[in-house]
Amino acid sequence: MARLNVLKPTLNRGHPARISPPGIKTAHDGRKFFIDVDLNKDGKVDLVSANSGNANQSVVYRIGSGDGTFMGANALTAGSSTYGVAVADFNKDGNLDVATVNSASNDISVRLATGAAVFGSSTTYGSGADPRAIAAGDVNGDGVADLVTVSFASSNINVYLNKNDGTGTFQNAASSPVGTSPVHLVLADPE
């Protein structure tokens, strides 16, 4: 079974909550989500965050030193008002790729890794109005990570099936209505 990457939403009525790994201070500077992964395959925890609400609309990642500290920030440009980030190996090359949900530009951005913690240019896919959350997981059982988003203004869930051809590209979203104004999303296998 594929590992599901679950986002830990940190929104608190529009303000980032104070969720931090031990020893890390989180500033209220537009970071919406933090997830911990091993981007560079060194066995140490690295941090990835989605930034929004400031001049730096981006995803920032910091490589862990293994002693609770992290190296300087590396920024990847993203769409406008980046609300969430998901990390998975979308093209099955062994490297973790990054996807963001961009609220103001009504889209998602996918950056494939070209090496360990090295990323190529962004590919953008349309989304429902005002997308707020993104998650990666194998939703159709084909062994490769797909993407799922929820859109606040259009009150829908969008499923982007991975084409599973080794390119890390996705089919256009299949959308379905959900409850009014969704802001959080969790993928899970109930079995």
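Quick rundown of the values:
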quantity	calculated
Residues (in contact with a Lys or Arg (Cβ under 9 Å, 6 or more places away or on another chain), free of Cβ contacts under 8 Å to residues at least 60 places away in the same chain and either crowded, with 19+ Cβ neighbours inside 10 Å or aromatic (Phe, Trp, Tyr) (or both)) located in region 92-121	Asn95, Leu96, Val98, Ala99, Thr100, Val101, Ser103, Phe119
Residue list for region 20-50, filter: modelled with pLDDT under 80 and open to solvent by 20 Å² or more (accessible area, probe 1.4 Å)	Ser20, Pro21, Pro22, Gly23, Ile24, Lys25, Thr26, Ala27, His28, Asp29, Arg31, Phe34
Candidates Gly128, Gly53 - the one that is farther than 24 Å from Asn164 by Cβ and modelled with pLDDT under 90	Gly53
Index of the failed condition, Asn162 passing every other in (1) under 30 Å from Asp42 (Cβ atoms); (2) among the polar types (S, T, N, Q); (3) open to solvent by 40 Å² or more (accessible area, probe 1.4 Å); (4) touching a residue at least 24 places away in the same chain (Cβ under 8 Å)	(3)
Answer residue from region 63-79, given it is open to solvent by 50 Å² or more (accessible area, probe 1.4 Å) and hydroxyl-bearing (Ser, Thr, Tyr) and is nearest to Leu39 (Cα to Cα) among those	Thr69
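The values are calculated or read from the model by the stated rules, or taken from the named source; none is laboratory data. Remember, predicted model here, so these are calculated numbers, not experimental data. All Cβ positions, glycine included, derive from the backbone under ideal geometry; neighbour counts span all protein chains shown. The area values use the complete protein model at the heavy-atom level, side chains included, leaving out ligands, DNA and RNA. Shrake-Rupley method; radii C 1.70, N 1.55, O 1.52, S 1.80 Å.
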